[in-house]
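Visitor: Before anything else, here's the structure in question.
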């Protein structure tokens, strides 16, 4: 419980805090977390027991993270995990991975490359040690 409160403190620097905290009913929260949230003026919203579908965006992202990264690598510690997560998000998930909800586009659309007249070739750039790739078209 103390660890959770410390994580919440660190996630709200400079007095910037959310109005609501959506959470499940995990035992790590305890009564101390509820008191901390009330003292910060944050409204706690709890999902129903055994109802992961009540938080579909987080559930979908965690599933994607697990299937596309964590099922394929061995994590050697917290700092290694943080580096993998940062690379997964910044270099692959938002930039190169097509999203079904965006009709195959990426959340951060790359600037349109100028039309290449003449022959061109597709270059593959490895991401996450070659687990995934980004592709760009260049003049041949």
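The values are calculated or read from the model by the stated rules, or taken from the named source; none is laboratory data. No experiment lies behind these values; they were computed from the predicted model shown. Glycine also receives a Cβ, built like all others from the backbone with ideal geometry; neighbour counts cover every protein chain displayed.
Visitor: For the stretch 121-140, which residues satisfy the criterion of being closer than 16 Å to residue 86 by Cα and out of contact with any helix residue (DSSP H, G or I) (no Cβ under 8 Å at 6 or more places or on another chain)? Write out each step before concluding.
Guide: Initial filter on the stretch 121-140 (closer than 16 Å to residue 86 by Cα): 126-134.
Residues satisfying the conditions are 126, 129, 130, 133.
Visitor: Let me ask another. Do we have any residue at all in the stretch 99-119 that's assigned to a loop (DSSP other than H, G, I, E, B), surrounded by 10 or more Cβ atoms within 10 Å (Cβ to Cβ) and at pLDDT 85 or above?
Guide: Taking every residue of the stretch 99-119 in turn, none turns out to be assigned to a loop (DSSP other than H, G, I, E, B), surrounded by 10 or more Cβ atoms within 10 Å (Cβ to Cβ) and at pLDDT 85 or above.
Visitor: Then there is this: Those residues that are part of a helix (DSSP H, G or I) and either surrounded by 13 or more Cβ atoms within 10 Å (Cβ to Cβ) or modelled with pLDDT under 85 (or both), I need them from the stretch 62-82; list them, please.
Guide: Once the filter is applied, which keeps residues that are part of a helix (DSSP H, G or I) and either surrounded by 13 or more Cβ atoms within 10 Å (Cβ to Cβ) or modelled with pLDDT under 85 (or both), the stretch 62-82 yields 62, 64, 65, 68, 69, 70, 81.
Visitor: Separate question: Any residue in the stretch 2-16 that is touching a residue at least 60 places away in the same chain (Cβ under 8 Å) sitting within a Cβ distance under 7 Å of a residue that is part of a helix (DSSP H, G or I) and surrounded by 10 or more Cβ atoms within 10 Å (Cβ to Cβ)? List the pairs, counting only those 6 or more apart or interchain.
Guide: So the pair list comes out empty.
Visitor: Going through the stretch 36-47 one residue at a time, which ones are over 12 Å from residue 22 (Cβ atoms) and either out of contact with any helix residue (DSSP H, G or I) (no Cβ under 9 Å at 6 or more places or on another chain) or exposed (fewer than 11 other Cβ atoms within 10 Å of the Cβ) (or both)?
Guide: 38, 39, 41
Visitor: Somewhere in the stretch 37-54, is a residue at pLDDT 90 or above, part of a loop (DSSP other than H, G, I, E, B) and closer than 29 Å to residue 127 by Cβ?
Guide: No, the stretch 37-54 contains no residue that is at pLDDT 90 or above, part of a loop (DSSP other than H, G, I, E, B) and closer than 29 Å to residue 127 by Cβ.
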